[in-house]
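The values are calculated or read from the model by the stated rules, or taken from the named source; none is laboratory data. As the structure is a prediction and not an experimental result, all values here were calculated from the model. When we count neighbours, we look across all protein chains shown, and the Cβ atoms used for this are built from the backbone with ideal geometry, even at glycine. Note: areas computed on protein heavy atoms with side chains; ligands, DNA, RNA excluded. Shrake-Rupley method; radii C 1.70, N 1.55, O 1.52, S 1.80 Å.
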Amino acid sequence: MFRMFFIEPVVTCLSPNVHYMVCEAGFEIKENHVINSILSDRGEIRWRVITEHIRYRDSGQTLEYINSVRSLGPICECVHLHLQSLTIEQLEDRFMLWFQWTNCSEIFLEMLQTIKDPDATAVALNLMKLTSCLERALGDVFLLIGKECPFLLRDLLASQELATVFGQSVMDVLRVFIGSPDGLNLRNILWHGFASPQEIPVKYFSMLLFLTAGLGQLLRNYLLISLTTLVHRPYIIFTSLEDLHIFPDVNQELLSLAEELVMKSSIVLRNMVPFWVTALASFRQSRFADCVILLLPQLESGLRLLFTTVNKCPSRLMTAESSSLYTTFDEMLAKQFNSEETNQLPLLLGEPAMEFLWDFLNHQEGPRVRDHLSHGENSLNDFPREIANCVLAFSITLLCRFSEDEIGPIKSHTLLEPLMNCGSHYCSKFHPATQLKKQILECIRSINTWTDLPAVPEEQIQEIAGLLTELCGKHIPVLFCPRMVLEIIVVLRQISTQCHQVSCQVISTCEARYKQWVNKSLRSRQRNNYLCMRRNIRFLSPVLQVILILITLELISIYTVCEKNVSDYQQYLKFLKLILQYTENLVTYTSPEKNKWNETMTLTGKALLKIRTFLGKQLALVQLVEYQPEEI
C-alpha cells in the first residue's frame, strides 16, 4: 500500500512570501477611513480615492505589488465593515443594478449575503465564483473593442482594450487582487488548491464585490459615450452527457461514507477538510456547480501531495514564487516533469485514473470542466448533475485508494465496490482515437440505411458492419500519444467525417429525387441522372465501407507505423491525405447542387487504383469492389 510520510503536519501550502502577501501585508498599516470618502451619497464609487493607493516604481511604469497591498489594506477593511453594516435589502437596493453587467446578478446577490455572516469556506467558494463570473464579463467588455478575447485572466487584465474602457489605473487595482503572481493572486491560489479557507481574508472578498459594482458604473458611462451595447457571449453547454454515465449515482449513503473517507484519506490535508465537507453538502443540496468548484482544487491539491511524494520533490507542494511555475494539473498529468525526469504519478494512479483525468480536464472534446468553470464559460445555475456525479464519484475512489488501513470496514462496504470497479476499468471516451472509433460506427450505421436502395447483398453489408464493430471494440492505448500519432488521427477523423457527409447526402438526395419522381416533377436529364445515381450507389457503398475498414485497421496499428523512421511516417501520411482528398471530392460531386455521378464513379475508380498501388497485396478488401460505372 502506498503511504505518505511527513516529518511535520502540513499547515499551509502557501510559500512564506505568498503567505505574507495574502495574510499579513494588508493588515500592517492601521488607518481609519470613512466610507463617505470612497462612496458618494449617490452610491457612486470614487475610484480616484482607491487608485491613489496603488504604488509604482520606475517612474510609474511598473506596479509595486506589496506596497500596493499594504496601502489598500485599510481601504478594504473600511469597505468590508460598510457592507456588513447594511441589511440584505439595502445591499440589493444599492448594488444589484451595478452587477447586471456581469450577466449573473443573482449570483452576486448570494455573494453579498455571504458577507453578512461570513463563513470561511463560503467566502472562499464565493470568491472563486466571483473571479469566474468577473472574468467572463470582462471578456464581454473586451470584445466591445477587441476581436479575440485572451484565454488567461492576467492577459485580459493587462489588455489595452480594457484599459480603454475602464482606465489603466482601475485595471492596475484589479491586477493587484487577481491578475498577477506578484500580487494577492487570489484567483489562482484558490482555483489551484493552494489556499485553505482560513487563509483568505474576508475583506478582500468584500473589496472585489465593491470593485465589481464600480466597474459596472464605469461601463455604463463608457456605453453612453460610445453609443454601444454590451453583448454577452452564450454560455458553453456540455454535450454528450450520455457518455458521462460512468459511475453509479452517488446517493445519501455513499455521501456519508465519503465524509468518513475525507477524515481518513492521505490525500486530504487537515486544513482543507472544510472544502471537502462543503462539497459533499453542496451535492446533497443539488448545488452541483458549487460541488465541482470545491472539488476540483482539492483534487489538484491531493494529487499534488501524491506527485511531490512519488517524485521526491516536497518543496513543490507549496505555491511557487512569480519567477517559477506552480505545480498544477498540467504538469502532474504530463509524462515528464522538469523537462526530462519521468513523472511517477501516472504509474501510481494507473492508466484508468489518468485517462479519466485527461478526459475531464484536458481533451478538447471532453467536458474540460476546470477550464470552463474557472473562466466563467458555464452557467452556474444550470450545471449538469451528470458531471458533478462523475467528478465526485472519481474523487471518492481516490479517497478510498489512498486512505489509512484502519478504515478497512469502510473500504469493503458493498456500496463502494461498484464505484471502485467502474474507476478501475475506465477507458478514455474523449481522446481523439476514441472519438474516431465513434465516428466510424456512426458512419457505417448511416451507410447501412441505404438498404432500401440498390446495393450489395444484405448479408455482405451486415458482415462488414460486424467486422467494424469488432475492430472498434479493441482497446487502444491512448495515454501520452506521440505527436505523430495525433497527426495521423486528425487525418483519419477528417476522412471519416467526409464519408459520413457523403452518406447523408446520398440519403437526402435519394429521398428528394424519389418524391420528385413520384410527383413527375423531374425533367428528362434529372430522371436519367436519378437512375444513374441509383445504379451507381450500389458500388459506392462497399467502397466507403472499405475506406472505413482501412481507417480502423490503421488506427489499431498506428503505434507500429509511428515507430518506423520519419520517412516511412511521411509517406504513410501522404497516402492518407490522398484518401482524404478523394473523400473531399466525393462530398462535392455527391452534393445536391452538383449530383455528378459519372464523375463520382470515375473518381472512385482512380482512388481504388491508388489504394491498391500503395497497399499492394496486403489488403484483399479492396478487391471486394468490382463495378462498371453507368454513363448517362
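With a 1.4 Å probe and every protein chain left in place, work out the accessible area per residue of region 16-226 in Å², rounded to a whole number.
Details: 8430 Å² over 211 residues.
Using a 1.4 Å probe on heavy atoms only, each residue of region 16-226 averages 40 Å².
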Once ligands and nucleic acids are excluded and a 1.4 Å probe is used, how much of TYR572 is accessible, expressed in Å² to the nearest 10?
20
Using amide H atoms built 1.01 Å from N in the peptide plane, name the residues 5+ places from GLU365, or on other chains, whose amide H lies under 5 Å from its own.
none
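Based solely on its DSSP helices, what 222 nm [θ] is calculated for the chain when runs of n ≥ 4 H residues each add -39,500 (n - 2.57) and the sum is averaged over all residues, nearest 500 deg cm²/dmol? Let's see the in-between values first.
On the way: 28 runs with 388 residues, N = 632.
Taken over the chain, the calculation gives -20000 deg cm²/dmol.
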Report the Cα centroid-to-centroid distance between region 24-66 and region 504-538 in angstrom, as an integer.
75
Given a 1.4 Å probe, how much area per residue of region 241-425 is accessible, in Å²?
39
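Can you tell me how region 16-226 classifies by the Cα gyration tensor, rounded, prolate or oblate, using a/c under 1.5 as the rounded cut? Intermediate results must be reported in sequence, preceding the final value.
Details: a/c = 1.23, a/b = 1.05, b/c = 1.17.
Taking the square roots of the gyration eigenvalues as a ≥ b ≥ c, region 16-226 is rounded.
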So what's the Cα pair-distance distribution over region 241-425, bin width 5 Å, in %?
1, 8, 16, 21, 22, 17, 10, 4, 1, 0
Rh (Kirkwood; distinct C-alpha pairs) - region 162-242, Å
15.3
Residue-by-residue Karplus 3J(HN,Hα) for region 247-255, coefficients 6.51, -1.76, 1.60, Hz, glycine and proline x:
10, x, 4, 7, 9, 4, 5, 5, 4
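Can you tell me the order of 44-50, 171-177 when each peptide is scored by its average per-residue count of other Cβ atoms within 10 angstrom, highest first? Write out the running numbers ahead of the final one.
Working: 44-50: 15.6, 171-177: 22.9.
So the order, starting with the most tightly packed, is 171-177, 44-50.
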Most to least packed among 223-231, 499-507 [average Cβ atoms within 10 Å]
499-507, 223-231
Read phi for every residue in region 11-22 and hand back ³J(HN,Hα) as whole Hz from Karplus 6.51 cos²θ - 1.76 cosθ + 1.60, θ = phi - 60°, with x for Gly and Pro.
9, 7, 10, 8, 5, x, 5, 5, 4, 4, 4, 7
For ALA353, the net charge from surrounding residues (Cβ-Cβ under 13 Å; K, R +1; D, E -1) works out to -2
Charge dipole (the chain, unit charges on Cβ, about Cα centre) - positive-most of ASN585, PHE329, SER374
ASN585
With the 8 Å Cα cutoff and a minimum separation of six or more residues, region 16-226 has a relative contact order in percent of 27
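How much net charge surrounds CYS481 when only the other residues with a Cβ under 12 Å from the Cβ of CYS481 are counted, with Lys and Arg +1 and Asp and Glu -1? Can you show the working numbers first?
On the way: positive: LYS335, ARG483; negative: GLU355, GLU487.
The answer is 0.
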Under a 5 Å amide H to amide H cut-off, with H placed in plane at 1.01 Å, what residues pair with SER180 once short-range neighbours are removed?
ASN185
Which of the peptides 37-43, 335-341 is most tightly packed, and how do the rest follow, going by the mean number of other Cβ atoms within 10 Å of each residue?
37-43, 335-341
As an exercise, identify the trypsin sites (Lys or Arg not before Pro) in region 476-553 lying in DSSP coil whose Cβ has no more than 16 other Cβ atoms within 10 Å.
LYS520, ARG523
Given the C-alpha centroids of region 276-340 and region 210-258, what is the distance between them in whole angstrom?
22
Cα-only Debye scattering, region 60-118: base-10 log of I(q)/I(0) at q = 0.15, 0.25, 0.27, 0.31 Å⁻¹:
-0.59, -0.96, -1.03, -1.19
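Under a point-charge model restricted to the Cβ atoms of Lys and Arg (+1) and Asp and Glu (-1), what is the dipole moment magnitude of the chain relative to its Cα centre, in debye to the nearest 20?
Values: 57 positive and 67 negative charges, 469 e Å.
Charge dipole, the chain, about its Cα centre: 2260 debye, nearest 20.
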Report, in degrees rounded to the nearest 10, the 0 to 90 angle that the Cα long axis of helix 168-178 makes with the longest principal axis of the chain.
90
With θ set to phi - 60° and the Karplus curve 6.51 cos²θ - 1.76 cosθ + 1.60, what are the ³J(HN,Hα) couplings of region 261-266 in order, to the nearest whole Hz, using x for Gly and Pro?
5, 4, 6, 10, 6, 6
How many percent of the accessible area of the chain is carbon or sulfur, using a 1.4 Å probe?
52
For a quick check: with amide H placed at 1.01 Å from N, whose amide H comes under 5 Å from SER15's, ignoring anything fewer than 5 positions away on the same chain?
THR319
Helix 458-472 versus the longest principal axis of the chain: what angle, 0 to 90°, nearest 10, using Cα atoms?
30
